[in-house]
Amino acid sequence: MGGRVTISTHVLDAARGRPFAGIAVSLQRRDGTEVGAAETNADGRITGWGDGLEAGVYRLVFDTAEAAPFFPEVVLTFDYSDPAQHYHVPLLLSPFAYSTYRGS
């Protein structure tokens, strides 16, 4: 998917205070249909998901097995209600906890 970025993510190692590179992430519709897949870059980011997605409920599925074995997978489900807006959904990950928020 090309074009203007409307969904992005950033995975941060909260225990060490640095980005997590190489985390595989799948962007899926609520029904599990994959609409995009990528790995976090050296800065822990994925910014390549662009225009063309319909409004609806989506989820980001993070393969975190190597980064935080206690949480082999983290799934963040969110309401993509306005495709005209940018949606930034970061993941802060540590060995035994994680958190998220709607970023800018």
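Rank Pro69, Pro90, Pro19 by mean-square fluctuation in a GNM of the chain with C-alpha springs under 10 angstrom and give only the top-ranked residue.
Per the Cα network of the chain with a 10 Å cutoff, Pro69 tops the list.
Can you give the accessible area of Arg45, probe radius 1.4 Å, in Å² rounded to 10?
My reading of the accessible area for Arg45 is about 80 Å².
When the chain is fully extended, how far beyond the present Cα-Cα distance does Phe71 get from His86, taking 0.36 nm per residue of separation?
2.7 nm
Give me the number: length gained by fully extending Ala15 to Ala55, i.e. 0.36 nm times residue separation minus the C-alpha to C-alpha distance, one decimal in nm.
Gain on extension, Ala15 to Ala55, equals 11.0 nm.
Give the long-range amide H neighbours of Gly36: residues separated by 5 or more places, or on another chain, with amide H under 5 Å away, using H modelled in the peptide plane at 1.01 Å from N.
Amide H to amide H, under 5 Å and 5 or more residues apart or across chains, Gly36 pairs with Leu27.
Let me spell out the model: positive unit charges on the Cβ of Lys and Arg, negative unit charges on the Cβ of Asp and Glu, origin at the Cα centre of the chain. What dipole size does that give, in debye rounded to 20?
260 debye
Under 16 Å from a point 7 Å along the Cα-to-Cβ line of Ala38: which residues of segment 81-103 have their amide N that close?
86-91, 103, by backbone N distance to the label point.
Can you give the local net charge around Asp13? Use residues other than it whose beta-carbon is closer than 14 angstrom to its beta-carbon, Lys and Arg +1, Asp and Glu -1.
With Lys, Arg at +1 and Asp, Glu at -1, the net is +1.
Please build a GNM for the chain, connecting alpha carbons under 10 Å apart, and tell me which residue among Gly50, Gly36, Gly17 fluctuates the most.
Maximum among the listed residues: Gly17.
Of Leu53, Leu93, Leu27, which has the largest mean-square fluctuation in a 10 Å C-alpha GNM of the chain?
In this elastic network of the chain, the residue with the biggest mean-square fluctuation among Leu53, Leu93, Leu27 is Leu53.
Among (1) 43, 33, 28; (2) 35, 26, 20; (3) 39, 38, 30, only one was calculated for this model; which label is it, if the read-out is Cα extents along the principal axes in Å?
For Cα extents along the principal axes in Å, the calculated option is (2).
Could you please state how large a percent of the accessible area of segment 50-104 is carbon and sulfur, counting protein chains only and using a 1.4 Å probe?
54 percent
Can you tell me the relative contact order of the chain? Whole percent, Cα pairs under 8 Å, sequence separation 6 or more.
Relative contact order here is 31 percent.
Whole number in Å², please: accessible area per residue of the chain, 1.4 Å probe, ligands, DNA and RNA not counted.
Spelled out: the 1.4 Å probe surface of the chain, per residue, equals 53 Å².
The values are calculated or read from the model by the stated rules, or taken from the named source; none is laboratory data. Because the structure is a prediction, the values reported are computed rather than measured. Because the Cβ atoms are built from the backbone with ideal geometry, glycine has one as well, and the counts that use them run over all protein chains shown. Keep in mind that these areas ignore ligands, DNA and RNA; they rest on the heavy atoms of the full protein, side chains included. Shrake-Rupley method; radii C 1.70, N 1.55, O 1.52, S 1.80 Å.
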